[in-house]
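For reference, the structure is listed below as structure tokens.
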Amino acid sequence: MQSGLVGFGRAAELLSRERVASKQTVAAVREPLTRAATQPPRSCAAPTLLSSPPPSSC
């Protein structure tokens, strides 16, 4: 019976680590999206880092 409890303890530890990793992943994705959503829109005069043409509304 003891080995079964050790197995459950190990499984609980692995699930806990997986949950922490998932939360870290969500935070890593959510942070830049939140930052982008809360920044004011860029004007057309702002330099762009991408090599795409400016939007047609400029």
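The values are calculated or read from the model by the stated rules, or taken from the named source; none is laboratory data. Since we're looking at a predicted model, the values are computed, not measured. SASA here: full protein model, heavy atoms, side chains in, ligands and nucleic acids out. Shrake-Rupley method; radii C 1.70, N 1.55, O 1.52, S 1.80 Å.
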Accessible area, probe 1.4 Å, largest first, for residues R30, R10:
R30, R10
Whole-Hz couplings from phi, Karplus 6.51/-1.76/1.60, listed for the stretch 17-27; x for Gly and Pro
5, 5, 5, 4, 4, 5, 5, 5, 5, 4, 5
